[in-house]
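The values are calculated or read from the model by the stated rules, or taken from the named source; none is laboratory data. Just so it is clear, the model here is predicted, and its values are computed rather than measured. When we count neighbours, we look across all protein chains shown, and the Cβ atoms used for this are built from the backbone with ideal geometry, even at glycine.
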Amino acid sequence: MRHDSGPIAAATQAFLRWYFPRFLAKTFALARQDEFEADRIAGKILSRDMAGAALTEIAIKGNWIAQEFWARHWRGAALSEQPVGPYALLRKLLALAPDDEFARESLRQTLKQISGVDDTHPVLRDRLEALKVGSALPVWSGRSALELLGSSSKWLKHFDRQWCLDNAKNWQQHHAYLGRVGACIEALTASAGRNSADEMAELGNLKRRLDPQADVRACYERALQIAPGHGAGLRGLVQCLPPTERDLRLDCLGQLYEHSVAYRWWACRIAVGELEQHTADGTRDEKTLNVWRERLQQADEAEARALEELCEPPFFQSIAQHDLNDFELGEFQSDIARCQPVTRAWLVRKSLREFAHRRCYILFIELPSLDDEERYSLCRQLENSLDLPGQVLALWAGESPTLADIERQAFAALYVRSR
């Protein structure tokens, strides 16, 4: 009905646009209260401490699934072209206690969250306060709730099989992507003695794509030997230094701030987070923290000016042909090919006055089968999902810019969908 242009559809859509916001506004508070009531009943039946421990464990293990498990599972595509179901393995892993350091940090971050209006579920802190229990790591469960369903292996096989059917195409595409990453790693490793600083930093980055725990410190150190103050080398080195080398991390962040305008905001954000975390642990360095906070404020202002410059017309001013290397271009074309509504795509590099040497891009796409609301949503999605070496603004061919403007000024299309 959304795409129906008839009078009945138009009247129905107008009524629903009026009705649903009012319905949600009037029922949201009741739905939120139902969650607290369910927690209260669980606490009465099982004890408040047990209910609170269950909520805490669900929150921490939910974070572990989102942050670690799925990335680990998809890395398995490097070994198998055919999809592997996740749930049988997930059941075994969830019965294990999570890493203590991860659990404590996850709980700390979760307790910082504030209840919003996008979900009727209150945040963990509010639920624990309503139960009148403390916020501490729980005694971890050793058994799966699936046992209550009887033959759990039957259900696991069913959902694993369904997951494989639903994700077969994406899995095969990810298998091909990891294969391309591996091939690029082999080529850069073979030429390691002749590599530039950029290539050594890229080698470290690619190895971490295959395995975030890979020991790539030598790659970034070699990049810095070739070009002291190299931005990508310093950033990569900071990311792979352990927390125990705090002084070296802060020194690298200081060098990154001084030598690389493009990475200045990132360096400030990481340094402030690092120093605030240590402040929370009882080791205060107010002077250094205040210096980095002031730098972060200045960097935030510069980023805001750069974003405004990128997003404001004229869009074809200060642009040039893309500067992607062969690997980056291949990944861009592969990502766009997965986005079925896109029939053609152009990518140009945008030069910003605020950051003259930063890699920024404008993506123009043709979306003939979508309406403007869907086009807007897809463009914002692509801005967050495309694997490009810099920030990107996505625009569709419409009134501004028009398709004719794009064809005339955005150079050759980098992707054309075959009919």
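Quick notes on this one:
- Condition met for PHE315 (aromatic (Phe, Trp, Tyr) and either in a helix (DSSP H, G or I) or out of contact with any strand residue (DSSP E or B) (no Cβ under 8 Å at 6 or more places or on another chain) (or both)): no
- Region 285-322, subset of a type in the set (Phe, Trp, Tyr) and under 28 Å from the mean Cα position of the chain (by Cα), residue surrounded by the most Cβ atoms within 10 Å (Cβ to Cβ): TRP292
- Conditions (1) under 30 Å from GLU101 (Cβ atoms); (2) surrounded by 14 or more Cβ atoms within 10 Å (Cβ to Cβ); number of the one not met by ARG32: (1)
- Subset of region 372-419 (residues that are of a type in the set (Asp, Glu), surrounded by fewer than 14 Cβ atoms within 10 Å (Cβ to Cβ) and over 27 Å from the mean Cα position of the chain (by Cα)): GLU399
- Near pairs, Cβ below 6 angstrom, 6+ apart or cross-chain, from region 64-87 (free of Cβ contacts under 8 Å to residues at least 12 places away in the same chain) to any residue that is surrounded by 16 or more Cβ atoms within 10 Å (Cβ to Cβ) and assigned to a loop (DSSP other than H, G, I, E, B): GLY76/VAL84
- Filtering region 156-214 to residues that are under 20 Å from ASN325 (Cβ atoms), polar (S, T, N, Q) and within 25 Å of the chain's Cα centre (by Cα) leaves only ASN205.
- Only one entry in LEU310, LEU352, LEU324 is touching a Lys or Arg at 6+ places or on another chain (Cβ under 7 Å), in contact (Cβ under 8 Å) with a residue 60 or more places away in the chain and either in a loop (DSSP other than H, G, I, E, B) or over 30 Å from LYS169 (Cα atoms) (or both), namely LEU310.
- Unmet requirement for THR288, which otherwise passes all of (1) closer than 27 Å to ARG209 by Cα; (2) modelled with pLDDT under 95: (1)
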